[in-house]
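So the structure is just underneath, and the comments pick up after that.
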Amino acid sequence: MCGIVGYIGNKKASPILIDGLLKLEYRGYDSAGISTMENGFISNMKDKGRVKNLYEIPGIDDLKGVVGIAHTRWATHGKPAKENSHPHMDNHNIFSVVHNGIIENYQELKEFLVQNGYHFLSQTDTEIIPNLIHYYYVKQDKCHDSLLKAVHLACNDLKGSYAIEVLCKDAPDTLIVARKDSPLVIGVGEDENYVSSDIPAILSYTKNFYLLNDGDFAKLSKHSISFYDVNLAPIEKELKSIEWDVSACEKDGYEDFMLKEIYEQPKSVRETIGSRLKKGEKVNFEDIGFTKETLQHFHKIYLVACGTAMHAGLAIKPMLEKLCHIDVIVDIASEFRYREPLIDDKTLCIYISQSGETADTIAALKLSKMKGAKTIAISNVIGSSITREADYTIYTHAGPEIAVASTKAYTSQITLLALLCLYFAEVLESVPYDVINTIKEELLLLPEKVSEVLKDSEQIKNFANKVYEEKDIFFLGRGTDYTVSQEASLKLKEISYIHSEAYAAGELKHGPIALIENGITVVGILTDPNLVEKSVSNLQEVITRGAKTLIITNQEINQTNYDEVITIPYTNPLISPILSIIPLQLFSYYISKEKGLDVDKPRNLAKSVTVE
Ligand code: G6P
């Protein structure tokens, strides 16, 4: 939700800021803007719509400032419009601010500021921030470090979440940043420093980063960075080097990030397995190091997440229950956090989040910690917020995922969860070793098999081109195939805007079959030998009522019954979602392309949902 970039150095700031915004557009694209320090005044240029619209603003090429801040917006308060775009300035044009997050008490603060003579030009919550900073700045009579103190005092008044950057006309060589519950990183260059909502946006400039914690403030010049805690006491931070390759954040010849990320899955699954699983050895989770007693102490496991990450939890529930003999509850973070869930110190809560910044997932994690549960975070982003809250963190190592619709993160999350499950089963000795061993062997074969699935893309494309104008598409499956149906249906909705539903095939007769009519498209997923016959019967019921069918299977079925059958390699049904989702990711992709839509940036969505 909203992306922010900052630069302070010797180079012209505007191209660096716009370049960073283009890479952060996945966080929102309702409007964009930049402020730069220009010979004693702050220039502020912004407009609604995509970042590329900034190039059309007269005079933007003439900006010379070497210090600046920038923002791409996902609208919350106030419609997408120029006046609601960031940066926002105070009434006296002394401060310019960009903000990611939501200020919950902005109405109250607005009233206070109005009573003190301030007026407002936008409907945003953000506009109170520069004015509040101004209010405290004036009060301090510009004493030493009054800028930092004013920002600190203003932040003390804010309730909600924020990552902010502040430019001040009176301090042209300084940039102040602060964060609480919204992400912010600082990249360090030579005689220059960068700020961003995430690492990939500035990875082409530096690989050295400082990660800010909640409540931290930083004061940047081109030569130095000073860090402060929530009480403005100076603190030290460790500089981290990031190993990601710059090309991982570029399209690398692919038409879209989503397609690139789909094709990266043989590699990302291999990286997730990494050194955790080697032929003939025990699964390695030394970093967690649970004993049999610790694991036996848990009465249930919660898997909590949002969107695709929650679907990864659904996919792994059957495996955890079967191999570890423990109750597993999968929950949506935004529901879990407000439902007083029954958790205590006998509960293990696992939080799954690609970005590690999803507001609801973080809040759910905090809640379960308060109730005494042990917590594990599964994230793709090193040092993300969730990883700093959890008792233990394990990383998917899928590499940066840029497209809004998640693909490789999902398969890596299931892979990592499957490894964790095997580790638990080994420690618990809950099933015979050969059961564990068979799945381990299957897991090691997955990267090869993912490559094989990807070879069927033409067949998928042809079917997608036949059905791209449909109004509704249904997905059916049983067991883990049902969980894949849910993810496939979400993918289709997200990027093709086609209405779609996923049903447990056995539930069809209890209502949804009423929606099946001549010509409708139904996708069936059949990968579990124990359930295939049942699902085939359910598919027969929709075919009888005129449905066109696409089947994803690794079973020997009578192919002539269906309009298109995609055959994928066999793997153990407990981990088959890692393979069976791939043709369906491509299916959504090709439908979206055929409709001429923006695959990587679907309407109304953002990749990182840092507001609830
Ligand atoms: C957003 C994204 C989804 C993602 C979900 C959870 O809705 O559009 O693709 O699955 O957030 O994100 P997380 O980063 O927590 O996995």
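Using helices alone, what [θ] at 222 nm do you get for the chain, with -39,500 (n - 2.57) per DSSP H run of 4 or more residues, divided over all residues and rounded to the nearest 500?
Only helices count here, giving -10500 deg cm²/dmol.
Going by C-beta contacts inside 10 Å, put Cys2, Cys324, Cys168 in order with the fewest on the left. If you can, show how the numbers build up before the last one.
Numbers: Cys2 28, Cys324 22, Cys168 25.
Going from sparsest to densest Cβ surroundings: Cys324, Cys168, Cys2.
Take the alpha carbon atoms of segment 155-205, find their center, do the same for segment 483-532, and report the distance between the two centers in whole angstrom.
44
Mind putting a number on the dipole of segment 3-243 about its Cα centre? Charges go on the C-beta only, +1 for Lys and Arg and -1 for Asp and Glu, and I need it in Debye to the nearest 20.
Roughly 320 debye for segment 3-243.
Which percent of the Cα-Cα distances in segment 359-432 go past 15 Å?
On the way: 1692 of 2701 pairs.
Beyond 15 Å sits 63 percent of the P(r) for segment 359-432.
Per-residue HN-Hα couplings for segment 166-177, Karplus 6.51 cos²θ - 1.76 cosθ + 1.60 at θ = phi - 60°, whole Hz, x for Gly and Pro?
Each residue's phi maps through the Karplus curve to give 10, 9, 10, 4, 7, 10, x, 9, 9, 10, 10, 10 Hz.
Using θ = phi - 60° and the Karplus relation 6.51 cos²θ - 1.76 cosθ + 1.60, list the HN-Hα couplings for segment 450-455 in order, rounded to whole Hz, with x at every Gly or Pro.
4, 4, 4, 4, 5, 6
Under the definition of Cα pairs under 8 Å and six or more residues apart, what whole-number percent is the relative contact order of the chain?
Contact order relative to length: 12 percent.
Mind jotting down a quarter of the surface of the convex hull over the alpha carbons of segment 457-594, in square nanometres, one decimal?
On the way: hull surface 28.4 nm².
If I average the Cα hull's projected area over directions, I get 7.1 nm².
Given axes a ≥ b ≥ c from the Cα gyration tensor, I'd like to know whether segment 249-450 is rounded (a/c under 1.5), prolate (a/b larger than b/c) or oblate. Provide the component values of the computation, followed by the final result.
Values: a/c = 1.98, a/b = 1.14, b/c = 1.74.
The shape class here is oblate.
Return the long-range amide H neighbours of Ser31 (sequence gap of 5 or more, or a different chain), with a cut-off of under 5 Å between placed amide H atoms.
Counting only residues 5 or more places away or on other chains, the set is Gly49, Arg73.
For segment 291-407, what is the Kirkwood estimate of the hydrodynamic radius, computed as the reciprocal of the mean inverse distance between distinct Cα atoms, to one decimal in Å?
Numbers: mean 1/r = 0.0705 Å⁻¹.
Mean inverse Cα-Cα distance, inverted, gives 14.2 Å.
Pairing the Cα long axis of helix 480-496 with the longest principal axis of the chain, what angle in degrees results, from 0 to 90 and rounded to the nearest 10?
40
Quick one: give the max-minus-min coordinate of the C-alpha atoms of segment 1-156 along each principal axis, largest first, in Å.
38, 34, 23
Hey, what D do you get for segment 480-522 in µm²/s if you plug the Kirkwood alpha-carbon radius into Stokes-Einstein at 4 °C and 1.567 mPa s?
116
If you build the convex hull over the alpha carbons only and average its shadow over all orientations, what do you get for segment 439-537? Give it in nm² to one decimal.
That works out to 7.5 nm².
Using amide H atoms built 1.01 Å from N in the peptide plane, name the residues 5+ places from Ile235, or on other chains, whose amide H lies under 5 Å from its own.
Answer set, sorted by chain and number: Phe227, Tyr228, Asp229.
Where the centre of each part is set by its Cα atoms, how far does segment 427-463 sit from segment 61-103, in angstrom?
So the separation of the two Cα centres works out to 47 Å.
Please list, in order along segment 573-588, the HN-Hα scalar couplings obtained from phi with the Karplus expression 6.51 cos²θ - 1.76 cosθ + 1.60 (θ = phi - 60°), rounded to whole Hz, x for Gly and Pro.
x, 5, 10, 5, x, 4, 9, 6, 6, 4, x, 7, 5, 5, 4, 5
Share of antiparallel DSSP beta bridges in the chain, in percent to the nearest 5?
Numbers: 57 of 100 bridges.
Roughly 55 percent of the DSSP beta bridges within the chain come out antiparallel.
How far, in degrees from 0 to 90, does helix 408-428 lean away from the longest principal axis of the Cα atoms of the chain, to the nearest 10?
Helix 408-428 sits roughly 70 degrees off the main axis of the chain.
Once the dipole of the chain is set up with Lys and Arg at +1 and Asp and Glu at -1 on Cβ about the Cα centre, which of Phe285, Ile176, Ile42 lies farthest towards its positive end?
Of Phe285, Ile176, Ile42, it is Ile42.
With a cut-off of at most 16 other beta carbons within 10 Å, and DSSP calling the residue loop, which GluC sites (Glu not before Pro) in segment 371-458 qualify? Please list them.
Of the GluC sites (Glu not before Pro), the ones in loops of segment 371-458 whose Cβ has at most 16 other Cβ atoms within 10 Å are Glu429.
Counting pairwise Cα distances across the chain, what percent come out greater than 31 angstrom?
Summing the P(r) of the chain above 31 Å gives 52 percent of all pairs.
Angle between the Cα long axis of helix 13-24 and the longest principal axis of the chain, 0 to 90 degrees, nearest 10?
In the chain, helix 13-24 runs at an angle near 20 degrees to the longest axis.
If you split all Cα-Cα distances of segment 192-336 into 5 Å bins from zero, what percentages do you get per bin, shortest first?
Histogramming segment 192-336 at 5 Å steps yields 2, 7, 9, 11, 14, 14, 14, 15, 9, 4, 1, 0 percent.
5 Å is the cut-off here: which amide hydrogens, built 1.01 Å from N in the peptide plane, fall below it relative to Ile329, excluding neighbours closer than 5 in sequence?
For Ile329, the qualifying residues are Ile301, Tyr302, Leu303.
List Leu211, Leu597 from most exposed to least, where exposure is judged by having the fewest other Cβ atoms within 10 Å.
Ranked by crowding around the Cβ, least crowded first: Leu597, Leu211.
With charges set only on the Cβ (+1 for Lys and Arg, -1 for Asp and Glu), what does the dipole of the chain come to about its Cα centre, in debye to the nearest 20?
320
Which entries of Lys237/Lys408; Lys207/Lys251; Lys169/Lys240 have Cα-Cα distances beyond 24 Å here?
In this structure, Lys237/Lys408; Lys169/Lys240 exceed 24 Å between Cα atoms.
Under the definition of Cα pairs under 8 Å and six or more residues apart, what whole-number percent is the relative contact order of segment 195-284?
RCO, segment 195-284: 20 percent.
Extent of segment 413-490 along each principal axis, from alpha carbon coordinates, in Å, largest to smallest?
Taking max minus min along each principal axis of the Cα atoms, segment 413-490 gives 52, 24, 18 Å.
Values in this text are rule-based calculations from the coordinates and carry no lab data. Since the structure is predicted, the reported quantities are computational estimates derived from the model, not experimental observations. With ideal geometry, Cβ positions are generated from the backbone for all residues, glycine too; neighbour counts draw on all protein chains shown.
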